[in-house]
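Bear in mind these aren't lab numbers, they're just calculated from the coordinates by the rules spelled out. Since we're looking at a predicted model, the values are computed, not measured. Cβ sites come from the backbone with ideal geometry, for glycine too, and all protein chains shown count toward neighbours.
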Amino acid sequence: MKLLAIVTGEYGRRIAHNVREYGPKDWTVNLWTAPSHFPIIIDEPRDFLPASLPPAELILAMAETPGVAELLPDVAKMCGAVAMIAPIDNNSWLPKGLMNQLRGWMKEVGVTSVFPKPFCSLTENAYSIRGQRVEYQNELIAEFARHFGKPRVQVTVDQESKTIASCDITLDAPCGCMRFTAQGIVGVKLDDAEFQAGMLHHHYPCLCSMGIDPDYADTLLHVSGNTFRDAFTEALKPYREIHFFKPDGFVEK
């Protein structure tokens, strides 16, 4: 698969480099650094585009300025892309109204687009936006999500010490945060694992915004952190001891 990562700063570069390093070897990940500053009104988007762009099937739109959104339909036509992932890890980079416009613009040029909020909510058939799950059908985006998206891990526990003995990544987050978290969680007490997973996620650090998001009434940083904690909660279920308590006077019938 051929991917074109559109970036303006370290946020996008960090994700693109992680995808390039740990994605399938037959993927090609090219970068285009888009302009960071635009006039209030863009009369001709092509004035801000390069003379050419490498061929791509899937666009990763990770600019840190909303002005780049107006360039994306022409970018898709130039590189031949038919699918786009435009993650929303910061509302100011792609506000809700602009996201809706962008979805329409891309549809007009034959491009299927998804807007996972945050990026690590993406799965092979759905993503989160506005606090709701949105389903999609696109094989290119699904192929990306098989390798990078909503993180999953498998763990083994040392039964004697009740600590995490090993942690294997089933699915990494696009930014590589789960890889960092999985390395740091080894040796942690079983009862502390979910809390420490959340702390390691913050220490990476997560690339999501720390401002309150109106769709979640929380920060996207915390929403992403909860996704990581949930991944460990699920992985640790086989190792949890379930205790049942009988109240005084209870008679089993």
Between GLN101 and ARG46, what is the FRET efficiency for a Förster distance of 25 Å, r being their Cβ-Cβ separation, to the nearest 0.05? 0.85
Relative contact order of the chain (C-alpha contacts under 8 Å, at least 6 apart) in percent is 14 percent
Taking the Cα atoms only, what angle lies between the long axis of helix 220-236 and the longest principal axis of the chain, rounded to 10 degrees? 40 degrees
Tilt of helix 10-22 relative to the longest C-alpha principal axis of the chain, in degrees (0 to 90, nearest 10)? 70 degrees
Rounded to the nearest 0.05, what FRET efficiency do ASN125 and GLU160 have when you use their Cβ-Cβ distance and R0 = 41 Å? 0.50
More than 23 angstrom apart: percent of Cα pairs within the stretch 152-239: 21 percent
Any idea what angle helix 193-203 forms with the longest principal axis of the chain, computed on alpha-carbon atoms, 0 to 90 degrees, nearest 10? 30 degrees
FRET efficiency, 1/(1 + (r/R0)^6) with R0 25 Å, evaluated for GLN183 and LYS25 via beta carbons: 0.65
Multiply the residue separation of GLU139 and THR219 by 0.36 nm, subtract the distance between their alpha-carbon atoms, and state the gained length in nm to one decimal. 25.7 nm
The stretch 2-145: antiparallel DSSP beta bridges as a percent of all, rounded to 5: 20 percent
Extension gain VAL109-THR233, at 0.36 nm per residue separation less the Cα-Cα distance, in nm? 40.5 nm
Cα-Cα over 30 Å, subset of LYS2/LYS237; LYS107/LYS150; LYS117/LYS237; LYS150/LYS189; LYS25/LYS189: LYS2/LYS237; LYS25/LYS189
Taking placed amide H atoms and a strict 5 Å upper bound, the residues 5 or more places from VAL157 or on another chain that come that close are ALA165
Restricting to the chain, what percent of DSSP beta bridges are antiparallel, rounded to 5? 45 percent
